[in-house]
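The next block holds one structure in the form of structure tokens; read it before the comments.
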Amino acid sequence: MNIAIDGPAGAGKSTIAKLCAKKMGLVYVDTGAMYRAVALYVLESGTDINDREAVADCCKGASVDIKYEDGVQNVYLNGSNVTGRLREEAVGNTASVTSAVPEVRAQIFSLQRGLAERGGVIMDGRDIGTVVMPDADVKIFLTASSEVRAKRRVLELEAKGEHPVFEEIKKDIEERDHRDMTRKISPLKQADDAILVDTSDMTIDEVVDKICSLCE
Ligand code: DC
């Protein structure tokens, strides 16, 4: 059984997918982390992220690999475990820009397909139900209002001791939605056969129960 979960930034995809994976005995595959690893490489190389040709050229030097250690996905960039560095705001926002470059997507696509072909995965991202696993057994489009998503992100950053400004976080989220939904290649969109789950007024447990029951 393969499950695809797509949706915009901050909809709770990774939290929900991790819990569902545990309940259903599936492997959780976080595809955003793969794009974030390439973004980290591009950022550290000093490449102008808005220069698509330069990004396409630069990403050739980024070898991304995934390993499952104690049931947790670790992301390796050119042999180093970079998992702990991928969640920063700058890396996520850069990934939204660099992931629109076809050469970046081609590189990550084969890694994702390899994992999908092994089966038994719950994979989250933007184009999983539409492009990466069009044959998934269950497809979920997980969303929430940008207001709610920004509030959740602010709480998450505050818990890490940071002092985020709500309006700035909301603006970043809306810009990221726009970029992810309007890019030419593999834009974020609900697959025709995906089930829409709006988590704005739902608890984490309610969402997990709903998805698990949809998979029965
Ligand atoms: O899910 P995330 O926030 O970790 O993703 C970071 C960025 O990576 C997102 O803004 C767009 C890109 N991405 C993508 O284009 N396709 C995916 N399947 C997953 C992420």
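Some observations on this one:
- In the set (1) away from the ligand (no atom under 13 Å from the Cβ); (2) in contact (Cβ under 8 Å) with a residue 24 or more places away in the chain; (3) out of contact with any strand residue (DSSP E or B) (no Cβ under 8 Å at 6 or more places or on another chain), the condition left unmet by Ile185 is number (1).
- Residues located in region 178-196, provided they are more than 22 Å from Ser96 (Cβ to Cβ) and surrounded by 13 or more Cβ atoms within 10 Å (Cβ to Cβ): Ile195
- Which numbered condition Asn74 misses (of (1) closer than 19 Å to Leu111 by Cβ; (2) within 16 Å of the ligand (Cβ to nearest atom); (3) in contact (Cβ under 8 Å) with a residue 40 or more places away in the chain): (3)
- Any hit, region 140-163, residues being modelled with pLDDT of 95 or more, in contact with an Asp or Glu (Cβ under 7 Å, 6 or more places away or on another chain) and either β-branched (Val, Ile, Thr) or under 17 Å from Met34 (Cβ atoms) (or both): yes
- Among the residues of region 115-130, those identified as farther than 21 Å from Gly71 by Cβ and within 8 Å of the ligand (Cβ to nearest atom) are Arg126, Asp127.
- Scope region 94-124; condition surrounded by fewer than 20 Cβ atoms within 10 Å (Cβ to Cβ) and not hydrophobic (A, V, I, L, M, F, W, C); matching residues: Pro102, Glu103, Gln107, Ser110, Arg113, Gly114, Glu117, Arg118, Gly119, Gly120
- Looking at region 1-62, the helices (runs of 4 or more DSSP H) lying wholly inside it that each contain 2 or more residues that are on the phi < 0 side of the Ramachandran plot, in contact with a Phe, Trp or Tyr (Cβ under 6 Å, 6 or more places away or on another chain) and open to solvent by less than 30 Å² (accessible area, probe 1.4 Å) sit at 13-24.
- Among the residues of region 160-177, those identified as open to solvent by 60 Å² or more (accessible area, probe 1.4 Å) and among the basic types (Lys, Arg) are Lys160, Lys171.
The values are calculated or read from the model by the stated rules, or taken from the named source; none is laboratory data. Not measured: the values here are computed from a predicted model. Every residue, glycine as well, gets a Cβ built from its backbone with ideal geometry; the counts of neighbours run over all protein chains shown. Side chains are part of the model used for accessible areas, which takes the heavy atoms of the whole protein and leaves out ligands, DNA and RNA. Shrake-Rupley method; radii C 1.70, N 1.55, O 1.52, S 1.80 Å.
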